[in-house]
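Scroll down for the structure; my scribbles are underneath it.
Values quoted throughout were computed directly from the atomic coordinates according to the rules given, and no laboratory measurement underlies them. For clarity, every value in this text was computed on a predicted model and none was experimentally measured. No Cβ is skipped: glycine too gets one built from the backbone with ideal geometry, and neighbour counts run over all protein chains shown.
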Amino acid sequence: MKTPFIIGSLAFALTACARPDASPAAPNVVTIIATDYAFAAPDTIPAGLTTFKLLNQGREPHQAVLMGARGKSLAEVRAAMVSQGPIPEWLNFPAGPGVVMGTDSSNATSRLEPGDYYIVCFIPDPKGVPHVMMGMVRQLVVAPAPLTASAAAAEPRADVVVTLSDYAFALSTPLTAGTHTIRVENAGPQLHEIGIEQLAPGKTMADWQRWLAGGMKGMGPSRPVGGLVGPDKGKAGWFTITLPPGKYLVACYGADGKDQKPHVMHGMVQELTVN
Ligand SMILES: [Cu+2]
């Protein structure tokens, strides 16, 4: 499975060398390092198309939710996060890297407007305390950038499009084994995510449903391997993922605007067989 990808990359590199003027700027790349329980990341980055690479160097699973909070203080953002109420309309969610296990990585490409953002992990620890309450929130300032910089970068070329809606995933084509760049569009009306989880050998959707019904205690029968948190309604985000053959779930744990239950409890979960 690796060989065609390498040949494709080589062909692309050769094309890029032959016609340097024809290749548009690449998105700005920003690395976020997650540990138990903190984020390391730049303080300020330029606006525009940005690829976030989340490296999980902790033992627990982590995500890097990107939250834009126009003109709000960290205290106001914290208050909103612990309120258990609907998501305030002043918060926006350009796509951020989804959950991965320790020593693994995930990525997200999204278009960032200038403003104040926070990088947050809402994954609960073994006692059920969300990591954000243990220090996993970090401010990120997105500064205005000249149009010649990453603002003018070309969008990633996707081979699969996934549309998120209340409460379903629609794939433009079935996912196959290998590496894919996936464009994610949120048709709304609510905020959603796409988390990709690999089911353990011999485990099924029924095992996962039992774990959900049991209150999602401990690690379930599946392992998060990446995805995107977001994007906002009407927006797009991208991620690249390499999938070995197997059984997977796509799931959204976003809190519902009406009853605050995770969207998986409204049926926003789907089993995929990747061959
Ligand atoms: Cu959702």
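For region 116-188, pairs of C-alpha atoms spaced more than 20 angstrom apart make up 64 percent of the total.
Taking Cβ atoms as reference points and 10 Å as the exclusive limit, the residues near T35 contribute a net charge of -1, counting Lys and Arg as +1 and Asp and Glu as -1.
Would you please classify the overall shape of the chain from the alpha carbon gyration tensor, given that a ≥ b ≥ c denote the square roots of the eigenvalues, rounded means a/c under 1.5, and beyond that prolate means a/b larger than b/c while oblate covers the rest? Before the final figure, lay out the partial values.
Values: a/c = 1.65, a/b = 1.11, b/c = 1.48.
Oblate, because a/c is 1.5 or more while a/b does not exceed b/c.
Less than 13 Å Cβ to Cβ from P201, Lys/Arg counted +1 and Asp/Glu -1: what total charge do the surrounding residues give? Summing Lys/Arg as +1 and Asp/Glu as -1 gives +2. Taken about its Cα centre, region 156-275 carries a charge dipole of roughly 180 debye when the Cβ of each Lys and Arg holds +1 and the Cβ of each Asp and Glu holds -1.
Anisotropy class assigned to region 42-201 is rounded, per the alpha carbon gyration tensor with a/c under the 1.5 cut-off.
By per-residue mean of other Cβ atoms within 10 Å, what is the highest-first order of 60-68, 46-54, 120-128, 162-170? Display every interim value, and only then the final one.
Details: 60-68: 24.9, 46-54: 21.8, 120-128: 15.8, 162-170: 18.0.
Per-residue Cβ counts within 10 Å, averaged per peptide and sorted highest first, yield 60-68, 46-54, 162-170, 120-128.
Could you please report the charge total around T51, scoring K, R as +1 and D, E as -1 over all other residues with beta-carbon less than 15 angstrom from its beta-carbon? Intermediate values should be presented prior to the final figure.
On the way: positive: K53, R111, R157, R183; negative: E155.
Local charge sum for T51: +3.
Dividing the convex hull volume of the alpha-carbon atoms in region 110-262 by its residue count gives 137 Å³ per residue. Rounded, prolate or oblate: pick one for region 190-275, where a ≥ b ≥ c are the square roots of the eigenvalues of its C-alpha gyration tensor, a/c under 1.5 means rounded, and failing that, prolate if a/b is larger than b/c, else oblate. It is oblate, given that a/c is not under 1.5 and a/b is not larger than b/c.
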